[in-house]
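The values are calculated or read from the model by the stated rules, or taken from the named source; none is laboratory data. Owing to the predicted nature of the structure, the values given are computational and were not obtained by experimental measurement. Here Cβ is always computed from backbone atoms with ideal geometry, including for glycine, and neighbour counts include all displayed protein chains. Remember, those area values only see protein heavy atoms, side chains included, never the ligands or the DNA or RNA. Shrake-Rupley method; radii C 1.70, N 1.55, O 1.52, S 1.80 Å.
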Amino acid sequence: MNIQWYPGHMTKAKRAMKEDIKLIDLIIELVDARVPLSSRNPDIDELGKGKGRIILLNKSDLADEAANDRWMEYFKAKGFHVIKVNSRSGAGLRQLGQVVSEACREKIERDRRRGILNRPVRAMVVGIPNVGKSTFINSYAGKACAKTGNKPGVTKGNQWIRLNKTLELLDTPGILWPRFEDQSVGIRLACIGSVNDDILDRTELALELIKFLCERYPENLRERYEMDTEHPEEGLAQIARFRACLLKGGELDYEKAAKLFFDDFRGGRLGRITLELPEE
Ligand SMILES: Nc1nc2c(ncn2[C@@H]2O[C@H](COP(=O)(O)OP(=O)(O)OP(=O)(O)O)[C@@H](O)[C@H]2O)c(=O)[nH]1
Ligand SMILES: [Mg+2]
């Protein structure tokens, strides 16, 4: 499978990010807890040199709890401030204020030495498309300031949101990178809905995910679709039969089955699943 999605607004967004980085103190990077490594944009480390850094392990409610703990340890060991959150419910966000002051301690002290009191911390919220940046901002602000939606590419331009006297957040469009060196990264990002899947072969993608789940989470497939997980190559047909996805002539509608399957997976209806682990 060759997965690629780099629409024009992302080129613009990346340029804007390079400009805005001069104005900010802190980068709040959201990663998707189901794919914490594949969902990290390799450009951020370079771009964010010298800035405070916080990683939010978002959508942790959709990921395997044991895996979440391992990923927390992984990022801590790399020296990041990291919090496990669910931006939709707000779980975990209460810790953020404290972590922001820790991550910006140097800046706050520098300000104090120069006699600048109470200048707000300016943070840029970054991450790949659909990872939950705008949802996080709304949840943290306690009101709907930023537009959200369950598809990639909802936010098209930068928007400053002034939360309170101590923190200002910059919402940014999710960006990918022009080429995935490793196609398994592209596949994982497509599975979680960070790549526009109208341009993809959804049935092929579904087969990839079914294969993985048959190995790692067979119980989840059995429970949801009564699937015979010994035969992953038959998995999509089984889903089509189980959910009665039929074409006019009575043949199986694989395209529809794949769509239902991804809706189930992305909506957490297959249970809590993590697609990659730190040591892999
Ligand atoms: N279950 C769950 N869903 C979440 C969480 N955070 C965000 N979502 C959902 O994920 C979808 C995408 O959220 P957005 O906030 O629009 O994502 P974004 O990162 O701003 O996306 P772009 O603007 O396209 O880059 C929405 O349907 C949210 O409701 C979370 O922690 N848990
Ligand atoms: Mg957004």
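Just to check your reading of the model, which residue among Ser89, Ser139, Ser101 is hydroxyl-bearing (Ser, Thr, Tyr) and open to solvent by 70 Å² or more (accessible area, probe 1.4 Å)?
Working: Ser139 fails: open to solvent by 70 Å² or more (accessible area, probe 1.4 Å); Ser101 fails: open to solvent by 70 Å² or more (accessible area, probe 1.4 Å).
From the options Ser89, Ser139, Ser101, the qualifying one is Ser89.
Among the residues in the range 110-127, are any within 18 Å of the chain's Cα centre (by Cα), part of a loop (DSSP other than H, G, I, E, B) and either modelled with pLDDT of 95 or more or within 16 Å of ligand 1 (Cβ to nearest atom) (or both)? Yes, the range 110-127 contains a residue that is within 18 Å of the chain's Cα centre (by Cα), part of a loop (DSSP other than H, G, I, E, B) and either modelled with pLDDT of 95 or more or within 16 Å of ligand 1 (Cβ to nearest atom) (or both). Kindly establish whether Tyr217 is farther than 20 Å from Asn68 by Cα, hydroxyl-bearing (Ser, Thr, Tyr) and out of contact with any strand residue (DSSP E or B) (no Cβ under 6 Å at 6 or more places or on another chain). In short, no.
Please go through the range 164-192 and pick out each residue that is open to solvent by 40 Å² or more (accessible area, probe 1.4 Å) and under 28 Å from Cys145 (Cβ atoms).
Answer for the range 164-192, where residues must be open to solvent by 40 Å² or more (accessible area, probe 1.4 Å) and under 28 Å from Cys145 (Cβ atoms): Asn164, Lys165, Thr166.
Does Lys51 meet the test of being basic (Lys, Arg) and under 15 Å from Val125 (Cβ atoms)? When the stated conditions are applied, Lys51 passes them.
Applying the condition of being within 19 Å of Arg269 (Cβ to Cβ) and in contact (Cβ under 8 Å) with a residue 40 or more places away in the chain to the range 222-256 and asking which residue is most open to solvent (accessible area, probe 1.4 Å) yields Glu223.
Residue by residue, here is whether (1) touching a Leu at 6+ places or on another chain (Cβ under 9 Å); (2) without any contact (Cβ under 8 Å) to a residue 40 or more places away in the chain; (3) outside any loop (DSSP other than H, G, I, E, B) holds:
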| position | (1), (2), (3) |
| --- | --- |
| Leu30 | yes, no, yes |
| Asp61 | no, no, yes |
| Asp69 | no, yes, yes |
| Arg94 | no, yes, yes |
| Ser101 | no, yes, yes |
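Identify, from the list Lys59, Lys51, the residue that is open to solvent by less than 60 Å² (accessible area, probe 1.4 Å) and within 16 Å of ligand 2 (Cβ to nearest atom). Please lay out each step first, then the result.
On the way: Lys51 fails: within 16 Å of ligand 2 (Cβ to nearest atom).
Result of the check over Lys59, Lys51: Lys59.
Screening Tyr6 with (1) at pLDDT below 95; (2) hydroxyl-bearing (Ser, Thr, Tyr); (3) open to solvent by less than 50 Å² (accessible area, probe 1.4 Å) gives one miss only, at (3).
Yes/no matrix, rows are residues, columns are (1) within 16 Å of ligand 2 (Cβ to nearest atom); (2) open to solvent by 10 Å² or more (accessible area, probe 1.4 Å):
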| site | (1), (2) |
| --- | --- |
| Val82 | no, yes |
| Leu117 | no, yes |
| Val125 | yes, no |
| Ile128 | yes, no |
| Lys147 | yes, yes |
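The residues of the range 193-208 that are touching a residue at least 60 places away in the same chain (Cβ under 8 Å) and crowded, with 23+ Cβ neighbours inside 10 Å, listed by number, are Ser194, Val195.
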